[in-house]
Ligand SMILES: [Zn+2]
Ligand SMILES: [Zn+2]
């Protein structure tokens, strides 16, 4: 139910780390644990984050043996819930809006900024609809909403990384 990249799914090496998977449906809930080897924490973590969850990494307890890519889903968590919603959906008002929405993340820097920017995952309720990343920017006058495909969002991540690097770390 957590879609790990093929690199992680096929790895099978002894796991050394557990990545706890949290969602924000009502309060923060621990929904699952993904076990990974020393090579794959970032690959797995990125995939889980991209799916709208937050993660916390912890070393494995000594008496547990798992293989890289092993996923444990807690029966009480949202990942174990029905398949009417994407796994990242907040399950709140989807029918009324005609779309599923994830938790909305503020792009917050703890400083005054010219625009308020948020990002979220959105998918229209149509069965074959694709997941999109929606970026909303509210400035002094108007609010803009840009929907992009997951592919575009992935390229944007690299482009932003390049631009931030080019700008230098002095402003970080
Ligand atoms: Zn691995
Ligand atoms: Zn939904």
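The values are calculated or read from the model by the stated rules, or taken from the named source; none is laboratory data. Bear in mind the structure is a predicted one, so any value in this text is a computation, not a measurement. Heads up, the Cβs are rebuilt from the backbone with ideal geometry, glycines too, and the neighbour counts pull from every protein chain shown.
Can you find a residue in the range 11-20 that is closer than 30 Å to residue 134 by Cβ and out of contact with any helix residue (DSSP H, G or I) (no Cβ under 7 Å at 6 or more places or on another chain)?
Yes, the range 11-20 contains at least one residue that is closer than 30 Å to residue 134 by Cβ and out of contact with any helix residue (DSSP H, G or I) (no Cβ under 7 Å at 6 or more places or on another chain).
For residue 91, state whether it is within 23 Å of residue 15 (Cβ to Cβ) and either modelled with pLDDT under 90 or assigned to a strand (DSSP E or B) (or both). It is false that residue 91 is within 23 Å of residue 15 (Cβ to Cβ) and either modelled with pLDDT under 90 or assigned to a strand (DSSP E or B) (or both). Would the range 160-169 turn up any residue that is at pLDDT below 95, farther than 17 Å from residue 109 by Cβ and in contact with a strand residue (DSSP E or B) (Cβ under 6 Å, 6 or more places away or on another chain)? Within the range 160-169 (the criterion being at pLDDT below 95, farther than 17 Å from residue 109 by Cβ and in contact with a strand residue (DSSP E or B) (Cβ under 6 Å, 6 or more places away or on another chain)), the answer is no, since none of the residues qualifies. Note on the range 4-29: among residues that are assigned to a loop (DSSP other than H, G, I, E, B) and more than 9 Å from ligand 1 (Cβ to nearest atom), the one that is modelled with the highest pLDDT is 16. Restricting 116, 150 to residues that are under 12 Å from residue 52 (Cβ atoms) and surrounded by 12 or more Cβ atoms within 10 Å (Cβ to Cβ) narrows the list to 150.
Inspect all residues belonging to the range 36-43 and state whether any of them is crowded, with 17+ Cβ neighbours inside 10 Å, in a strand (DSSP E or B) and within 16 Å of ligand 1 (Cβ to nearest atom). The answer is yes; a qualifying residue exists. Selection of the range 137-168 for residues being free of Cβ contacts under 8 Å to residues at least 24 places away in the same chain and in a strand (DSSP E or B) yields 137, 138, 143, 144, 145, 146, 148, 149.
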